[in-house]
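Data block below; observations after.
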Amino acid sequence: MGILFINGSPEKEGNTARLAHALLAGHDYVTYELADHKIYDYGQHFANDEFDGLLAQFRAADTIVIGSPVYWHDLSGMLRNMLDRFYGPVEEGSMAGKRLFFLFQGAAPTEEMLHRGEFTMNRFASLYGMEYMGMATNEGEARSLAASI
Ligand SMILES: Cc1cc2nc3c(=O)[nH]c(=O)nc-3n(C[C@H](O)[C@H](O)[C@H](O)COP(=O)(O)O)c2cc1C
C-alpha cells in the first residue's frame with residue numbers, strides 16, 4: 001500500500017508534476033505517466049491495451065493523487081479517457097478505503113473551469129467509494145493540502 005501519482009500531463013517535469021512534488025514532499029510515491037502507456041479509448045479493444053496494469057496499481061495504492069493540466073477548459077484528454085475506462089470494469093464502491101487528491105492547473109484557468117474539473121473528480125471519487133480530499137491549483141495550495149497526506 002502506498003501513494004500513487006497519476007500524471008495526466010505528457011510533461012514529466014511540467015507544472016502538474018511540480019504540484020505533485022509540493023504535495024508529496026517527504027513521502028515515497030510511485031508515478032504513473034499516462035503518456036507512457038497505451039490506454040485506448042472507451043469502446044476500443046486492442047490486444048496491447050494497458051488499462052489492466054493501471055488498474056492493478058490503482059487497486060494496490062491507498063492514496064491516489066491525480067493531476068491534470070487544463071486543456072480546452074477542462075481535464076486533459078488522457079485523464080478523461082482514464083475515467084471513461086473505469087466505467088464497466090470497476091464496480092461502484094470498490095475503491096472504498098482509498099483517499100483521492102486532485103491537482104489541476106493551467107495557463108489562465110477561470111474559477112468555473114477549476115470548479116467543473118473538481119466536480120468531475122469529486123464524483124469519480126464518490127462513485128467508486130473513495131474519500132475526496134481536495135484540490136490544489138497552485139504550489140501554495142499543494143503545500144497546504146500536504147498536511148492531509
Ligand atoms: C492542448 C492544450 C490546451 C490547453 N488549454 C488550456 C485552457 O483551456 N486553459 C488554460 O488555462 N490553459 C490551457 N493550456 C495550458 C496548460 O494548461 C498549461 O500550460 C499547463 O501549465 C500545462 O501543464 P503541464 O506543464 O503539467 O503540462 C492548454 C495547453 C495545451 C497543450
**Complete:** Comparing Ala60, Ala20, Ala136 in a Gaussian network model of the chain (Cα, 10 Å), the one with the largest mean-square fluctuation is Ala60
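Suppose we take every Cα in the chain and form the convex hull; what volume per residue is that in Å³? Present the calculation step by step, with values, prior to reporting the outcome.
Numbers: hull volume 15.1 nm³, N = 149.
It is 101 Å³ per residue.
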**Message:** Using Cα springs under 10 Å in a Gaussian network model of the chain, which residue among Asn15, Asn81, Asn48 shows the largest mean-square fluctuation?
**Reply:** Asn48
**Request:** In debye, nearest 20, what is the charge dipole magnitude of the stretch 10-74 about its Cα centre with +1 on Lys and Arg Cβ and -1 on Asp and Glu Cβ, if you could check?
**Result:** 140 debye
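Can you give me the accessible area per residue for the chain, using a 1.4 Å probe, in Å²?
Numbers: 7640 Å² over 149 residues.
Per-residue value: 51 Å².
How large is the charge dipole for the chain, taken about the Cα centre, if only the Cβ atoms of Lys, Arg (+1) and Asp, Glu (-1) carry charge, to the nearest 20 debye?
Working: 11 positive and 20 negative charges, 34 e Å.
That gives a dipole near 160 debye.
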**Prompt:** Where the accessible area of the chain is counted over protein heavy atoms with a 1.4 Å probe, how much of it, in %, is carbon and sulfur?
**Reply:** 50 percent
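By Kyte-Doolittle mean hydropathy of at least 0.0 and Cα axial length of at least 30 Å, which whole DSSP H helices of the chain are selected?
On the way: long enough: none.
Helices meeting the criterion: none.
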**Request:** Out of all DSSP beta bridges with both ends in the chain, state the antiparallel percent to the nearest 5.
**Result:** 5 percent
**Complete:** Most fluctuating of Glu11, Glu111, Glu92 in the GNM of the chain (C-alpha, under 10 Å) is Glu111
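Using helices alone, what [θ] at 222 nm do you get for the chain, with -39,500 (n - 2.57) per DSSP H run of 4 or more residues, divided over all residues and rounded to the nearest 500? Before the final figure, lay out the partial values.
Values: 5 runs with 53 residues, N = 149.
After summing the helix terms and dividing by the residues of the chain, the value is -10500 deg cm²/dmol.
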**Request:** State which stretch of the chain is the longest one without any exposed trypsin sites (Lys or Arg not before Pro), exposure meaning a DSSP loop state and at most 15 other Cβ atoms within 10 Å.
**Result:** 39-149
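The values are calculated or read from the model by the stated rules, or taken from the named source; none is laboratory data. This one's a predicted model, so the numbers in the text were calculated from it and none came from an experiment. Don't worry about glycine lacking a Cβ; one is built from the backbone with ideal geometry, like all the others, and counts go over all protein chains shown. Accessible surface areas use protein heavy atoms only, side chains included; no ligands, DNA or RNA. Shrake-Rupley method; radii C 1.70, N 1.55, O 1.52, S 1.80 Å.
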